[in-house]
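Beneath this line is the structure, given in structure tokens, with notes to follow.
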Amino acid sequence: MINNFTVSGSPHIHKPESVSRIMWTVVISLIPAGIAGVIIFGLDALWVTLVAVAAAVLTELTFGILTKKKITILDGSAVITGILLAFNLPPQVPLWLPIVGAVFSIAIGKQVFGGLGQNIFNPALVGRVFLMASWPKYMTTFTPSFDAVTSATPLAALKEGKALEHISYLDLFLGKHGGCIGEVCILALLIGAVLLLIKGYISWHIPATYIFTTAIFTYIFGAAQLFHGDWLFHVLSGGLILGAFFMATDYVATPLTAKGQIIFGVGCGLLTAVIRIWGGYPEGVSYAILMMNAATPLIDRYTKNRIYGTK
Amino acid sequence: MKDMARYGFILAVICVAAAGLLAAVNALTGPKIIAAAQAEEQAALKEVMPLAGKFMPVKSPADNTTLYYKAFDNQDKLIGFVFKASGKGYSSVIETLAGVFLDDKISAIKVISLNETPGLGMRVAENKFTGQFNQQDSLNLSGVEAITGATISSRAVIDSVIKKAQEIKEMVKNDK
Amino acid sequence: MKDLVKEFTKGIIKENPTFVLALGLCPTLAVSVSVINGIGMGAAATFVLLGSSVIISLVRNFIPGKIRIPCFIVIIATFVTITELCLKAYSPVLNRALGIYVPLIVVNCIVLGRAEAFACKNNLWRSFFDGLGMGVGFTLALILISAIREFLGSGQILGRTLIKGFEPVFVFGMPSGALLVIGLLLGFFNLLKNRRS
């Protein structure tokens, strides 16, 4: 989408594209990952997702009524926030957790800034980080799924120095391991991502540079010896794929130009790898994206297109 | 120049008055502060070594800091030692006070200073974790289980206690 | 008399140091974890404000304008040190909870701000009530913030558990939670102000 996004003078061609159309397509593209989550973790995953979506939409509605603004629940953005938040939760959390998280996402992460288009951070990640800081016990407890090899997430096991019990790259790719609802099945995530790329709703710049940077960095520094890191493991585990395609590409909180997006992606990849290798938490995708969201206005300022006729 | 001298004089007067006032307050509160600190120290020592009746600090000959405490029972018999162990946790240095009997068994421990993640690392200060140390061998501590999700903080407490217990054992041996 | 009452009450609502002037936020963010800390910090700051306001308004004609800031700081620091010594002697527990933030009252903008903006231009009684009002306003703001944070962050008020089975929202016990609570309260009070006018 961004490549077509050249700001220019008239005449403009009208396209049937609209905010709600794009948003609902993103919702559709997230469905495969949701189905995979339900297959892997059971119906709990479905309830968590539905509850989060319902809470997000209701909060959006409440704010619309309270502030007497246009009711925006049908544009699908609140639905996406709810889904993405749920996808970042462990499947067996108590059901009040997604509710509180979704309310916080929409209220504090989005509406206090003025609603869709004004938020400086990805709302779903704001909600997730809030839950992570508030109830770490629930957010870091992963109960084993029916055919998972191990209950702890692969990254947590790595962080605690435990041997990874025969987890193959294929298991990681298909999602046969502990983790959050929407992040485990890379295959399903890629199906959705391809849809968005074909439609042109997201560009390759952020996801590609993000994943590539993380891979390079974990390859160099991921092991005790330089250039011996297990980069494929790092790419396939944790929330990297979900984050790179669906959260780091948030229209509002990411840079506008291709150059800016590449800086954004590299920054995300660097931060993710740094947190994973040296940080206190096993996973750093949410924090990396939020930090780069905060840097977005600065990136935009230094990468904006030159106005014709000026220096 | 005259102004400078005047300013200096006024500032000096204010400073002298302030210093005098502070000296008076210090004289009044000084003994109380020392007494309060001592009472607190004794209470903390008593908590990790309830069987003891009296504690004696053992000072380092080099710089006069307290290395550890000898604990005596009511008949003035030496029953064990109390020491402060510190280890680097997840986001702070965790200080633990530990009471150890003569046979290396731990009487009790108490985490006295930490600043870890609430809900995870902070739980090492809870009884559920520290209670596991009671009656364990202070040089081994394999019976103590780390808190799930707070491995770094838990290990900091466990390892620092083991390390310090070994040091104290060496020191006591050399004393004899 | 009416004048003095006005000097006292303006610090509580109209010119509340925390929510309107947005002064002294650093200790507010740091110590407002529990109500008892809030009260302790508020009382300590009030004592310093009161003492420094009174002394500065007494000696205001004696201090030349050019060196007024160092003079103010010495006077404020004296009161802060007295507070710290007394806290250490009579309430070591509270002293440890407030930690470095008691000595840091020296650089609390409310104290120097009132000295500079009010006490050095007004007589003894007006300065006294101004300092008292500001202190009380600061204390009330601290109690409000710390009550919200203590309740949400640990499920307790003054160390007593209110609701059984409440899962504490740990983030409110952390500095980030303090920023969140203060930000939302500031927004809320501004909303009230805008509604009224």
For residues in segment A:130-154 being open to solvent by 30 Å² or more (accessible area, probe 1.4 Å) and within 14 Å of chain C (Cβ to nearest Cβ), which is modelled with the highest pLDDT?
-> A:TYR138
Output the residues belonging to segment B:111-123 that are open to solvent by less than 30 Å² (accessible area, probe 1.4 Å), outside any loop (DSSP other than H, G, I, E, B) and within 14 Å of another protein chain (Cβ to nearest Cβ).
-> B:GLY121
Within segment B:24-42, restricting attention to residues that are farther than 30 Å from B:ASP76 by Cβ and open to solvent by 60 Å² or more (accessible area, probe 1.4 Å), which residue is nearest to the other protein chains (Cβ to nearest Cβ)?
-> B:ASN26
Residues being more than 11 Å from B:ALA165 (Cβ to Cβ) and open to solvent by less than 20 Å² (accessible area, probe 1.4 Å): count how many of those fall in segment B:100-110.
-> 2
Just give me the residues in segment B:124-139 being within 14 Å of chain C (Cβ to nearest Cβ) and of a type in the set (Gly, Ala, Ser), in sequence order.
-> B:ALA125
Would it be correct to say that B:LYS54 is more than 14 Å from chain C (Cβ to nearest Cβ) and either over 30 Å from A:MET139 (Cα atoms) or open to solvent by less than 70 Å² (accessible area, probe 1.4 Å) (or both)?
-> yes
Report whether or not A:LEU298 is surrounded by fewer than 21 Cβ atoms within 10 Å (Cβ to Cβ) and under 23 Å from A:LYS176 (Cβ atoms).
-> no
Can you spot a residue in segment A:81-97 that is on the phi < 0 side of the Ramachandran plot, over 18 Å from the mean Cα position of the chain (by Cα) and not in a loop (DSSP other than H, G, I, E, B)?
-> yes
Scanning segment C:59-73 for residues that are over 18 Å from C:GLY113 (Cβ atoms) and surrounded by fewer than 14 Cβ atoms within 10 Å (Cβ to Cβ), which turns out farthest from the other protein chains (Cβ to nearest Cβ)?
-> C:ASN61
State whether one or more residues within segment B:148-155 are out of contact with any strand residue (DSSP E or B) (no Cβ under 9 Å at 6 or more places or on another chain), among the hydrophobic types (A, V, I, L, M, F, W, C) and within 14 Å of chain C (Cβ to nearest Cβ).
-> yes
Any chance you could count how many residues in segment B:60-91 are buried (at least 17 other Cβ atoms within 10 Å of the Cβ) and outside any strand (DSSP E or B)?
-> 2
B:LEU45 vs (1) within 14 Å of chain C (Cβ to nearest Cβ); (2) open to solvent by less than 60 Å² (accessible area, probe 1.4 Å); (3) at pLDDT 85 or above: all pass except (1)
Does segment C:74-94 contain any residue that is outside any helix (DSSP H, G or I) and either within 30 Å of B:CYS15 (Cβ to Cβ) or open to solvent by less than 50 Å² (accessible area, probe 1.4 Å) (or both)?
-> yes
Within segment C:116-173, of all residues that are in contact with a strand residue (DSSP E or B) (Cβ under 9 Å, 6 or more places away or on another chain) and more than 14 Å from chain B (Cβ to nearest Cβ), the one nearest to C:PHE79 (Cα to Cα) is C:ALA147
If we keep only residues of segment A:229-252 that are in a loop (DSSP other than H, G, I, E, B) and at pLDDT 90 or above, then the residue most open to solvent (accessible area, probe 1.4 Å) is A:THR249
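The values are calculated or read from the model by the stated rules, or taken from the named source; none is laboratory data. Nothing here was measured: the structure is a model prediction, and the numbers come from that model. Please note: Cβ atoms are built from the backbone with ideal geometry, for glycine as well, and neighbour counts cover all protein chains shown. Ligands, DNA and RNA are excluded from the accessible area calculation, which covers all protein heavy atoms including side chains. Shrake-Rupley method; radii C 1.70, N 1.55, O 1.52, S 1.80 Å.
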